[in-house]
Each structure stands twice: as C-alpha cells, then as structure tokens.
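In what follows, a single structure is set out as structure tokens and then discussed.
The values are calculated or read from the model by the stated rules, or taken from the named source; none is laboratory data. Only a predicted model underlies this, so the values are computations on that prediction, with no experimental measurement involved. Heads up, the Cβs are rebuilt from the backbone with ideal geometry, glycines too, and the neighbour counts pull from every protein chain shown. What goes into the accessible areas is simple: the full protein's heavy atoms, side chains included, and nothing from ligands, DNA or RNA. Shrake-Rupley method; radii C 1.70, N 1.55, O 1.52, S 1.80 Å.
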Amino acid sequence: MTRKDPSGGLIISPIKNGTVIDHITAGEALNVLRILGITGSTRECLSIATNVKSKRMGRKDIVKIENRELCTEEVDRIALLAPQAKINIIRDFQVVEKKGVEIPKVLKGVVRCPNPGCITNANEPVESTFEVLPKGLHCLYCDWLVKNDIASHII
Amino acid sequence: MYHIISIRDLERKELDYLLDRAQEFDTGNYQPRMLEDKLAALLFFEPSTRTRMSFATAMARLGGRSISVDSVEASSIVKGETLADTIRVVSGYADAIVLRHPKEGAARLASEFASVPVINAGDGAGQHPSQTLLDLYTIRQSMPIKGLDVGLLGDLRYGRTAHSLALALSLYGVTLHTIAPGGLEMPANITLELRERGMEVVEHEDVEEVVRDLDVLYVTRIQRERFPDSASYYNVASSYRITPDLLAGVRDHLMILHPLPRAGEIDPAVDQTPYARYFEQARNGVPVRMALLHEVMK
C-alpha cells in the first residue's frame, strides 16, 4: 500500500479500484470516514493522509478507499465537511471520473436536527430535512438553524 | 391541497386575504351553513382551552361538525402509534385536521401524510399561525398595520406567538421594539431574519423607556419554570408587570394585547382602561378560524 519516497517519508501508493477523495479540508479526514460509515470494524482497505502539503490549500487531507465507489448521497455529506474536496473514481488504476462536491439545496436524512423537540427526532417515519442557506442549515420541520459544528450532527 | 402550517408560508397578500375573509365572517357577511356537510377532526395532544374551543365554535358557526381527541392519554399514541399513522387514519374520517402537538414540526409532518388539509393549532415551541392571524386581525380592526410601532414584551426567547407575530409584522413595514428580561431575549437568528426582511428592530431592557412611543404593546407570559428559583422569577416578573401607573402618558390609541392565559403580567386594573384589548383579541379567534376552516375546506 505504501512505499518509501527518496526523502525518507511515506507516500500512499495508487489504488487499483475505488475512490480517492482529495483536497479534504485539513483535519477532516476522520470525519469523512465517519460519515461514510467506515469504522474500525468495517472491511475496506483504506489509506489516509492528513495535513499533507498542498499548493492550493496549504494543508489538506486525502482518503483512498479500495473497491468502493461513492454514491451521490455520500458525496453530499462530504460536501458539508469539505466543500473543496475532489472525488476521483478509479478503475484499473485509471481515473474514470473526477468531480467536485456540491452542497445540495436540500439535505434529506444527512444531518440530525439538534433540536430535541423537533418531530424528526421522534419515532416518526420521516427523514430530517434541511435547506442549505448561506447562514447555516435550516430545518424545514422545526425552523431550527444549525450554524456551527455541522460535522457532529451528520447522521 | 391547502394547508396552514407556518406563518412563513404565507405572503402578505395571502395574509390580507385571510384577514379580509375573517372580517366578512365577523360582520355576519356569509352563508351560515357553508360547511354543513363538513367534519373537522380536532387533534389536540397538548392542553388548550381557547384554541380548541374557538376552532369548535368556528366549525359550528359554519354549520359543520367536529370530532376531537383531547389528550394523548385518550389516543392510540399511548399504544405507540406514530403521529404519521394517526394522521393517515383520521384523514379517512374527516374533511380537515386541526392539530396541536408538543413536537415542533408536527404539523408539517402531518401535512405530508394527510389526504385532507391540515391546520396547525400550535406545535411545541414552533408555529401557531391562527394565533398570529387573530393578533393581526385585532390590530387591523383599530388601525392600519403598516408603519406602526409595536412592542413585544415578555418571554421572547421561547414564546412562539411572539416569533410568529414578529415574522408576520415584518411584511407590514412595522418597527418592532423588543422588551425582554435578560436570558429571555429574542433569539439572535430570529432578530437577524427580521432585519434581513427589512424590519427595524429596536431592543429595550425597560418597558418604561419605550411604552409612550408604542401603538401596540403585545405582552406574553413569563414562565416561572424558566427561572432557577421563585425569588428571581418574582423579581423579573414584577419589573415587567403592566400597571395603570406605567401607562400614564401613553398614546391614546395604544392597544395592549396578550395571547392569554395571563399569569400576572397585566394588572387586572388595566382591564378597565381603553388600552386593554386582549379579551376582544381572544374573541377574534372565532372569525379568524372560521376563515381558515372555510378556506381549506371550500
């Protein structure tokens, strides 16, 4: 998975099939894994690099996941944490698709409403629904506004 | 299908239309049996006297009938039924559903599962649009709403009637004066939203400094449970109490409103002054709710 580079550091090697998420906001790689449901008990083969030097961002994180291609909903979640992230879909060592992430206008089932009194936190057959506004996420059920620490509310 | 869920969903012209309709019902300018063959389900999962009775009265005045659930204990909710299922079932019984529920957003959820119109009669600390409409209606009975100076006094942090009313007033070019004890101020995001809507919002700590400049003073209840102990509650509550002495020198046309029930915010001696309009406001619940019921079921 890794090889030595001449300067003595470790460089992540290419993957054959799967997804490379590049340009993740520095320090958010572990949150990206969390929202993708990747934990210590799942079986994906992963490479993670954090605080890597980046010309564009200063520092960035990179995540490589073997044998898994991300679906649109997963990409939406990543957009919340790392709006500059780039998703590369790899097949047979080739990048077959490269796309940026885009925060959708409405997030369904992605973020849990922090308002304990919100009906979406009761035992009802309904998904949380937020509209994405410049000032934060607005719950379309209870009107709560999530401004800070969105990562901790991601389902 | 037309639901009445949140005051945010209504534009100025829709508010004006509903207020005009309420006025027609108020002055007797309507067919008495307009909803003769209609049935409204009043689902009240939280205590309510005025709202529930005025919806039932409004339905009866239009010749319609209502069926009701008056408490969670008397419903299938105790058996673990979801609100979504209750709504789907009741949709098969009635022509409209009037819902009061302790969870915020409950009426929005109900509107998604109902096959008949839903009217929100208060969802937790959230919205209570029929209250806001009757507040607007009461003001408009006396004077045009546009350009007024309106004071909101009391618990502006948790008070849903204050939030809804402020949002509605922002459509009328009103200057809003907020007067709240420390810790119970209007939430910053609501104040921001009001200002984004172009409203001038002036914050005050003391009612005395502003009461003479107001056309409307809207008083809300300061709830004892918001305070750590009785002493601090009484200390705050007494400094926000409306008394005849406080009203010396106010504008002649000042109207004092309160969504009721009151718990001591307004001295009963104020009831005798021409400024006290809260009982008239409560009575206006009937024509306003007649307008809403007719609008969703016509």
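Among the residues of the stretch A:50-66, those that are outside any loop (DSSP other than H, G, I, E, B), free of Cβ contacts under 8 Å to residues at least 40 places away in the same chain and surrounded by 12 or more Cβ atoms within 10 Å (Cβ to Cβ) comprise A:THR50, A:ASN51, A:VAL52, A:SER54, A:ARG59, A:LYS60, A:ASP61. Looking across the stretch B:228-246, the residues that are without any contact (Cβ under 8 Å) to a residue 60 or more places away in the chain and in a loop (DSSP other than H, G, I, E, B) come down to B:PRO228, B:ASP229, B:ARG241, B:THR243, B:PRO244.
The number of residues in the stretch B:202-220 being touching a residue at least 12 places away in the same chain (Cβ under 8 Å) and surrounded by fewer than 20 Cβ atoms within 10 Å (Cβ to Cβ) comes to 9. Could you go through the stretch A:89-101 and let me know if any residue there is open to solvent by 10 Å² or more (accessible area, probe 1.4 Å) and within 28 Å of B:ASN189 (Cβ to Cβ). Yes, the stretch A:89-101 has at least one match.
Right, B:SER115: at negative phi and more than 11 Å from the chain's Cα centre (by Cα) or not? For B:SER115, the condition - at negative phi and more than 11 Å from the chain's Cα centre (by Cα) - is met.
When you check B:ASP123 against the structure, is it buried (at least 24 other Cβ atoms within 10 Å of the Cβ) and either more than 30 Å from B:TYR234 (Cβ to Cβ) or within 14 Å of another protein chain (Cβ to nearest Cβ) (or both), yes or no? Yes, satisfied. Against the definition (assigned to a loop (DSSP other than H, G, I, E, B), closer than 30 Å to B:ALA107 by Cα and out of contact with any Ser or Thr (no Cβ under 9 Å at 6 or more places or on another chain)), how does A:PRO14 come out, yes or no? So A:PRO14 does not fit the description; no. Residues that are in a loop (DSSP other than H, G, I, E, B) and either in contact with a strand residue (DSSP E or B) (Cβ under 6 Å, 6 or more places away or on another chain) or within 11 Å of chain B (Cβ to nearest Cβ) (or both) were ranked within the stretch A:129-155; the one that is surrounded by the most Cβ atoms within 10 Å (Cβ to Cβ) is A:TYR141. May I ask you to verify whether B:ASP215 is over 20 Å from the mean Cα position of the chain (by Cα) and not basic (Lys, Arg)? Here the answer is no, as B:ASP215 does not meet what is asked.
For the stretch B:178-201, enumerate the residues that are touching a residue at least 24 places away in the same chain (Cβ under 8 Å) and under 23 Å from B:GLY147 (Cβ atoms). Scanning the stretch B:178-201 gives B:THR178, B:ILE179, B:MET186, B:ILE190, B:GLU193, B:LEU194, B:ARG197, B:GLY198, B:MET199, B:GLU200, B:VAL201. Would you check which residues across the stretch A:102-111 are surrounded by 17 or more Cβ atoms within 10 Å (Cβ to Cβ) and either within 14 Å of chain B (Cβ to nearest Cβ) or outside any loop (DSSP other than H, G, I, E, B) (or both) and list them? Passing the criteria: A:LEU107, A:VAL111. List every residue pair whose Cβ atoms lie under 8 Å apart, where the two residues are 6 or more positions apart in sequence or sit on different chains, the first residue falls within the stretch A:112-128 and is facing chain B (nearest Cβ under 7 Å), and the second residue, located anywhere, is open to solvent by 30 Å² or more (accessible area, probe 1.4 Å) and not in a loop (DSSP other than H, G, I, E, B). What qualifies is A:ASN115/A:ASN121; A:ILE119/B:ARG108; A:VAL126/B:GLU112.
Here the condition is being more than 17 Å from B:ARG160 (Cβ to Cβ), in contact with a strand residue (DSSP E or B) (Cβ under 8 Å, 6 or more places away or on another chain) and within 14 Å of another protein chain (Cβ to nearest Cβ); of B:ILE97, B:ILE139, B:ILE87, it holds for B:ILE87 alone.
Among the numbered conditions (1) under 17 Å from the mean Cα position of the chain (by Cα); (2) open to solvent by less than 40 Å² (accessible area, probe 1.4 Å); (3) within 28 Å of B:ASP213 (Cβ to Cβ), the only one that B:VAL286 does not meet is (3). For the criterion of being in a helix (DSSP H, G or I) and under 30 Å from B:MET290 (Cα atoms), B:LEU152 fails.
When the stretch B:169-194 is filtered for residues that are within 16 Å of the chain's Cα centre (by Cα) and either open to solvent by 10 Å² or more (accessible area, probe 1.4 Å) or within 14 Å of chain A (Cβ to nearest Cβ) (or both), only B:SER170 remains. All conditions in (1) over 29 Å from A:GLY136 (Cα atoms); (2) assigned to a loop (DSSP other than H, G, I, E, B) hold for B:GLY182, with the sole exception of (1).
The number of residues in the stretch A:34-49 that are of a type in the set (Val, Ile, Thr) and modelled with pLDDT of 80 or more comes to 2.
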